[in-house]
C-alpha cells in the first residue's frame, strides 16, 4: 500500500491553493474551480471545495476549518532558510519557530488559511538524518 494523497476540504479553493503554491514553490494543477493538486515527488496534496463532497455522501461528510488533529508535513532541505523565506513572503499564522524536536527533526509549525497545521521540518540528529537518507 502507498499513500497517494491527502485532501483538504475548503470553502475557498483559490485562497488555499494559492497558499500552498507559495509555501511549497510548486505550481498547482487546477482541474476545476473546485479541485486542485500540489504534486510532490512522494505524494499529492489535494484541495477540494465543499461542493466536491456531494460525491462522498454530502456536505456533512467533512467540515472545512474544523480539523485539530492532523498536521500536513513537508520535508525541506533547510527549515531555517524556509522560515526566513516565508516570513518575507507571507504573514504566517506561526505556532512555533524552528525548534529541534526530541526525535531529531528541526520543525517549523504554522497554520494555513483554514487553520490546518503545517510543519516544515529538516532532520538534524544522526538518527533522523539516517531515517530520511533513503527518501
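Here segment 86-95 is the region considered, the condition is being touching a helix residue (DSSP H, G or I) at 6+ places or on another chain (Cβ under 9 Å) and either in a helix (DSSP H, G or I) or outside the structural domain of residue 124 (by TED's automatic domain parsing) (or both), and the residue that is surrounded by the most Cβ atoms within 10 Å (Cβ to Cβ) is 86.
For the residues 81, 128, the requirement of being in a helix (DSSP H, G or I), at pLDDT 95 or above and not assigned by TED's automatic domain parsing to the domain that holds residue 6 singles out 81. Enumerate the pairs (first residue in segment 1-17 and under 13 Å from residue 50 (Cβ atoms); second residue anywhere and modelled with pLDDT under 90) with beta-carbon separation below 7 Å, excluding pairs fewer than 6 apart on the same chain, so at least 6 apart or on different chains. Close Cβ pairs (under 7 Å, with a partner that is modelled with pLDDT under 90) amount to 9/50; 9/53; 9/62; 9/64; 10/64; 11/50; 11/64.
The values are calculated or read from the model by the stated rules, or taken from the named source; none is laboratory data. Treat the numbers as computed from the prediction; the structure is a model and nothing was measured. Please note: Cβ atoms are built from the backbone with ideal geometry, for glycine as well, and neighbour counts cover all protein chains shown.
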